[in-house]
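The values are calculated or read from the model by the stated rules, or taken from the named source; none is laboratory data. This one's a predicted model, so the numbers in the text were calculated from it and none came from an experiment. When we count neighbours, we look across all protein chains shown, and the Cβ atoms used for this are built from the backbone with ideal geometry, even at glycine. SASA here: full protein model, heavy atoms, side chains in, ligands and nucleic acids out. Shrake-Rupley method; radii C 1.70, N 1.55, O 1.52, S 1.80 Å.
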Amino acid sequence: MHDVWQQKNNNFDLLRLVFAYGVIVSHSYALFAGQDQIGAYLNELIGLGGLCVQAFFVISGMLIIRSAFMSKSAQSFIVSRVLRLYPAAFICAIFCALVIGTSVTTLSYLDYLLSDRVWNYISRNTLLFSIQYDLPGVFGGNVYQHAVNGSLWSMEVEVRMYIAFGAFIGICRFFGVSRDKISYGLLFICFILLFGTVANIELIKKIAEEKYNYLSLGYYFSMGGILFINEKRIPKSIIVAMFCLMLYVAGLNFGFSEWAKRISLPYLVFYLAFVRIPYTNHLKDLPDISYGIYIYGFPIQQALSYAFYETVDFGCLMLLSLGVSTVLAVASRRFIEIPALNSKERLNSFIKKVRVKIASAATRYMKNSR
């Protein structure tokens, strides 16, 4: 029996690519002031951008919690996550600040480079802990003003999900907690997050304050973890998938879309991840460029809006943004992400040597201090 978690046996890369493109399409209506009324109406009705991000978090929950289970150690898990996110995020921040920013800023070149906000932008948007959205004098005249890379808000949430749930699984593994009990724990978390964010429980609202996104996306991340743990027990049924789809459509039409989405979206993503999709086998050999698409899409759209908003129509700008983002994503994957991931063993080995030397030095110090 084949392993459904092997890349060639699932559709995770394809789904992430579709969702990344969906975010760009959704943002086009705000960044290019799209006049496609039908598309704009559907985008607003469905909430395409938010839907794609939530689907991303279901996938992340499945894959990251699986990685936390499968990693040999906490160090191995952390190194994998760092190499997956930070090198590409650093190059993207450099690109936005020093290529796009210097090209379009209303400040002089010297004043721009001497601004602390330029260098804070690079450091904060590399670490992805506290995102800075603006650069001095950049995109102030755009349709959507000032924001350079608005998509990064979800990366800040995702990094914190990695830490929180990685620590949760790590502690459970340390104390020998069974997978079933971990699954029950995640289910309890989902229950609290579901009712706290959809039913508007006052206690949860007070705790959350402005952190609604953490609770909302945390729900989808948790559901992804539950789906991973119970993958063999959950039927991959087109009947269940169709029921979930109809429930979501009914929710859109009858005013309970949030409830319907919370119930239906995780299973739909789960089903699509493992079902055989016709005519897509050859796509599984393509590189996974979804991360690059996601982090470059917004700044490319803003740059195109700055340069061509008054001369190029909405549809062409959307297609152009998809094309340029794809080129940059392919370059990021080929020259940044893959080399970084390939250095995992070397970095783990280096950290291990450093830890041994620190432990040895500490031991010598303790002996000499007696």
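Observations, loosely collected:
- Residue list for region 129-167, filter: surrounded by 17 or more Cβ atoms within 10 Å (Cβ to Cβ), among the polar types (S, T, N, Q) and part of a loop (DSSP other than H, G, I, E, B): Gln132, Asn142, Asn149
- Among the residues of region 222-244, those identified as closer than 24 Å to Gly49 by Cα and either open to solvent by 80 Å² or more (accessible area, probe 1.4 Å) or without any contact (Cβ under 8 Å) to a residue 12 or more places away in the chain (or both) are Met242, Phe243.
- Complete set of residues in region 10-26 that are open to solvent by less than 40 Å² (accessible area, probe 1.4 Å) and either among the hydroxyl-bearing types (Ser, Thr, Tyr) or touching an Asp or Glu at 6+ places or on another chain (Cβ under 9 Å) (or both): Phe12, Asp13, Ser26
- Residues satisfying the stated conditions in region 290-347, i.e. among the acidic types (Asp, Glu) and either part of a helix (DSSP H, G or I) or closer than 22 Å to Asp13 by Cβ (or both): Glu337, Glu345
Let's see how each residue does on (1) open to solvent by 50 Å² or more (accessible area, probe 1.4 Å); (2) free of Cβ contacts under 8 Å to residues at least 12 places away in the same chain; (3) under 29 Å from Val249 (Cα atoms):
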residue: Lys8; (1), (2), (3): yes, no, no
residue: Ser28; (1), (2), (3): no, no, yes
residue: Gln37; (1), (2), (3): yes, yes, yes
residue: Ser71; (1), (2), (3): no, yes, no
residue: Leu85; (1), (2), (3): no, no, no
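- Failed condition for Arg333, given (1) open to solvent by 50 Å² or more (accessible area, probe 1.4 Å); (2) within 30 Å of Ala303 (Cβ to Cβ); (3) charged (D, E, K, R): (1)
- Search result, residues across region 258-279 that are in a helix (DSSP H, G or I), touching a residue at least 60 places away in the same chain (Cβ under 8 Å) and more than 21 Å from the chain's Cα centre (by Cα): Trp259
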